[in-house]
Amino acid sequence: MGEHDRDLVSPEAEVDERVIESALRPKNLDDFVGQERVREQLSLVLRSAMRRGRAPDHVLMSGGPGLGKTTLAMIIAAELGAPLRITSGPAIERSGDLAAVLSTLHEGEVLFLDEIHRMARPAEEMLYVAMEDFRVDVVVGKGPGATAIPLDIAPFTLVGATTRAGMLPAPLRDRFGFTAHMDFYRPEELERILNRSAGLLGVELTREAAEEVAGRSRGTPRIANRLLRRVRDYAEVRGDGRLGIDTARAALTLYEVDEEGLDRLDRAVLRALLKSFRGGPVGLSTLAVSVGEEPETVEVVAEPFLVRSGFIARTPRGRVATPEAWTHMGLVPPPDAVYGAMAPVESAVPEPPGPPSRGPDRH
Ligand SMILES: Nc1ncnc2c1ncn2[C@@H]1O[C@H](COP(=O)(O)OP(=O)(O)OP(=O)(O)O)[C@@H](O)[C@H]1O
Ligand SMILES: [Mg+2]
């Protein structure tokens with residue numbers, strides 16, 4: 001059951017989730033909840049382009065998984081009344097793959113390039129030229145006799161999405177006229193998203209239940225919608241189908257997602273840090289061993305959210321629990337506990353070599 005638990009609060013989409021998600025996607029800017037600044041900026045970019053009768057500047061969307069990048073790309077095309085072509089970085093293995101897409105674009109079309117940081121390097125260079133001059137150089141022949149034939153392409157708008165803006169080469173980043181930074185959502189924004197989704201799913205969600213689910217959704221619409229579906233399942237099987245506060249709490253307790261959105265692994269890590277290591281500091285690999293997980297799982301899956309929510313701090317001497325961690329787990333810190341919030345935070349510093357990760361004392 002461990003893996004299932006994990007999926008519940010993972011910001012990544014599950015395998016069959018894409019289909020369900022498309023039904024819940026807002027279709028225009030007005031229905032897109034939150035991200036006020038991005039929405040306002042984008043609306044200006046789109047409106048002024050439409051007024052001039054030109055394709056708008058290329059748009060880059062950067063932000064974590066499940067925050068609405070794909071949704072916004074579709075909205076951009078819809079607002080422009082333009083057709084949308086969808087491809088992704090991993091699908092572009094050679095520059096020829098990109099040339100095939102670019103050369104068949106129609107004027108004003110929106111090209112959505114998802115996971116743009118994973119595109120092949122030679123294709124990146126082709127993309128620079130296409131973005132700037134609306135031209136692709138098609139290479140004909142091989143070796144010394146090869147020639148590049150310039151081919152004009154229709155003016156289009158590129159919408160790129162990335163979870164890792166830092167991995168994009170500067171020349172590519174610079175060619176976007178506008179970058180939308182997608183942030184985590186506030187609880188009240190998630191509540192609005194939940195209410196909207198409940199309406200689309202045809203379920204009755206009370207205000208208290210919406211608030212409860214929103215608070216456990218890790219600032220991420222995808223997780224909010226997923227928790228809502230699990231609460232609905234619970235209500236249909238065990239309740240009267242209505243999603244009230246008691247049903248929401250019972251369902252989320254059953255699925256082991258706590259008030260802060262922490263799941264079983266997150267809590268196991270916190271508990272080990274507090275109980276076995278008196279709040280730290282402790283090296284990541286030592287901590288991982290004590291919860292019976294690979295260091296990478298702890299580092300990639302659990303730690304980022306624990307750090308972001310202020311339960312764990314990274315210090316030069318290892319991971320340290322904050323006062324909030326003790327409170328959240330209902331434990332009293334020993335008088336000599338080192339607090340993360342007071343220790344110098346320097347995440348770039350590599351952790352010290354801890355005790356051997358598979359010592360004889362491991363049980
Ligand atoms: N601002 C929003 N308002 C309402 N629903 C939203 C919003 N943002 C995201 N959602 C919902 O969350 C789900 C995930 O959004 P989306 O697929 O756009 O995320 P993403 O950023 O593209 O994620 P990934 O990086 O995994 O591709 C969708 O079902 C969408 O309906
Ligand atoms: Mg997406």
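Each value in this text was obtained by applying a stated rule to the coordinates, not by laboratory testing. Computed from a predicted model, the values in this text were never measured in an experiment. Positions of Cβ are generated from backbone atoms using ideal geometry, with glycine treated the same way; all protein chains shown enter the neighbour counts.
Okay, here's what the table says:
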quantity	calculated
Where a label projected 7 Å from the Cα of residue 13 along Cα→Cβ would reach, residues of the stretch 91-107 with amide N under 20 Å	91-93
Gyration tensor (Cα) of the stretch 187-254, equivalent ellipsoid semi-axes in angstrom	17, 12, 10
5 angstrom amide H check on residue 60, placed H, neighbours 5+ away	160, 178, 179, 180
Orientation-averaged projected area, Cα convex hull of the stretch 1-96 (nm²)	8.4 nm²
Rounded to whole Hz, the Karplus (6.51, -1.76, 1.60) HN-Hα couplings of the stretch 130-136, x for glycine and proline	4, 5, 8, 10, 6, 8, 10
Residue exposure sequence - 113, 158 - by fewest surrounding Cβ within 10 Å	158, 113
20 °C / 1.002 mPa s Stokes-Einstein diffusion coefficient of the stretch 242-299, Kirkwood radius on C-alpha pairs, µm²/s	169 µm²/s
Using θ = phi - 60° and Karplus 6.51 cos²θ - 1.76 cosθ + 1.60, couplings along the stretch 284-294 (whole Hz; Gly, Pro as x)	4, 5, 5, 4, 4, 4, 5, 9, x, 10, 6
Kirkwood Rh in Å, taken over all unlike Cα pairs in the stretch 171-221	12.6 Å
Two-decimal Rg/Rh across the chain, once Rg and the Kirkwood Rh are taken from alpha-carbon atoms	1.04
Taking all pairs of distinct alpha-carbon atoms in the stretch 35-181, Kirkwood radius in angstrom	15.6 Å
Computed FRET value (nearest 0.05) for residue 135 with residue 167, which takes r as the C-beta separation and R₀ as 25 Å	0.45
Ranked list, fewest to most other Cβ atoms within 10 Å of each Cβ, for 255, 185, 128	128, 255, 185
